[in-house]
Every structure is written in structure tokens, then in C-alpha cells.
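Values in this text are rule-based calculations from the coordinates and carry no lab data. Just so we're clear, the structure is a prediction, and the values are computed from it rather than from any experiment. Virtual Cβ from ideal backbone geometry, glycine too; neighbours counted across all protein chains shown.
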Amino acid sequence: MADFIDEKDSVKIMQGIGVQEEGITLMKDKSFFRLVLVKDVRNAPANIIKQDMLSIGGDVAVNKGCINCTVDKSDILIMGTMHQIKLLVKKLKTQVSEIPSIAQDIEMLIKQT
């Protein structure tokens with residue numbers, strides 16, 4: 001029998017399975033999918049963020065006009081596990097333009113959860 005569970009239950013379930021605490025610490029950020037909305041991102045940074053997230057197994061939804069620059073800006077929807085989003089933040093901190101600032105905003109959001 002299979003069942004959907006929510007994020008809060010994932011740690012309890014891993015404990016019930018008998019997973020080592022170190023393993024739980026490593027896996028809990030991989031156990032639930034997250035969505036992060038960032039508003040008004042210029043095309044080039046939006047495309048860079050999308051490519052960085054794709055490289056670590058997540059994705060980013062952008063306006064269809066970002067690729068061919070028929071829009072100036074797009075809201076972006078970052079999709080991935082908390083683990084992937086944390087990896088993305090590290091990658092974005094090394095980028096140029098306003099991208100490190102976006103990384104800081106996401107990092108602050110992570111700290112609030």
C-alpha cells in the first residue's frame with residue numbers, strides 16, 4: 001500500500017523506519033518539493049537562473065518571451081526540493097548582475113522555514 005505524506009511527517013516516518021539521525025539530517029531536505037516565486041526578474045538573469053536550476057535537477061518556469069527577449073521581465077517560479085534550492089542559492093551567489101541579490105532573498109526565505 002502506498003500513501004502521500006506531507007513534509008512534516010517525512011522525518012517521523014524516517015524515524016519509524018529506523019533511519020540513522022545522520023541520514024535523516026541528510027535526506028529531510030530531499031523529501032519534499034518546494035516552489036519559490038520571484039517577481040520581476042530581467043530576461044538574462046531569469047534565463048541564467050533557469051539553466052542553473054536545470055543543471056541540478058530542478059526547473060524554473062519563465063515567461064515564454066524570456067527566451068527570445070520579447071518581454072523585458074518575467075516572474076519566475078523555481079521548482080525543486082529544498083536540497084536543490086540550497087544548491088541553487090550557492091550557484092547564484094557566484095553569478096553577476098542582480099542574481100546574487102536574488103540568492104540572498106531566497107536564502108532569507110529558507111531561514112524563515
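Only one of the values [x] 34; [y] 30; [z] 17 was calculated from this structure for percent of Cα pairs over 25 Å apart; name its label.
[y]
Dipole of the chain (Lys/Arg Cβ +1, Asp/Glu Cβ -1, origin at the Cα centre): which of PHE33, SER74, GLN20 lies farthest to the positive side?
SER74
Work out the FRET efficiency for LYS12 and LEU37 from their Cβ-Cβ distance, taking R0 = 30 Å, and round it to the nearest 0.05.
So, using R0 = 30 Å, E works out to roughly 0.55.
If you place +1 on the Cβ of every Lys and Arg, -1 on the Cβ of every Asp and Glu, and leave all else neutral, what size is the dipole of the chain about its Cα centre, to the nearest 20 Debye?
Computed charge dipole of the chain: roughly 260 debye.
Please list the non-local residues whose amide H lies under 5 Å from the amide H of PHE32, H modeled 1.01 Å from N, same-chain partners needing a gap of 5 or more.
Sorted by chain and number, the residues that satisfy this are MET82.
For every other residue with a beta carbon closer than 15 angstrom to the beta carbon of ILE48, add +1 if it is Lys or Arg and -1 if Asp or Glu, then tell me the sum.
+3
Calculate one ³J(HN,Hα) per residue across the stretch 66-73 by plugging θ = phi - 60° into the Karplus curve 6.51 cos²θ - 1.76 cosθ + 1.60, and present them in order as whole Hz with x for glycine and proline.
Working through the residues one at a time gives 5, 5, 9, 6, 8, 10, 7, 9 Hz.
Give me the distance between the Cα centres of the stretch 1-17 and the stretch 42-86, rounded to whole Å.
Taking the Cα centre of the stretch 42-86 as reference, the centre of the stretch 1-17 is 30 Å away.
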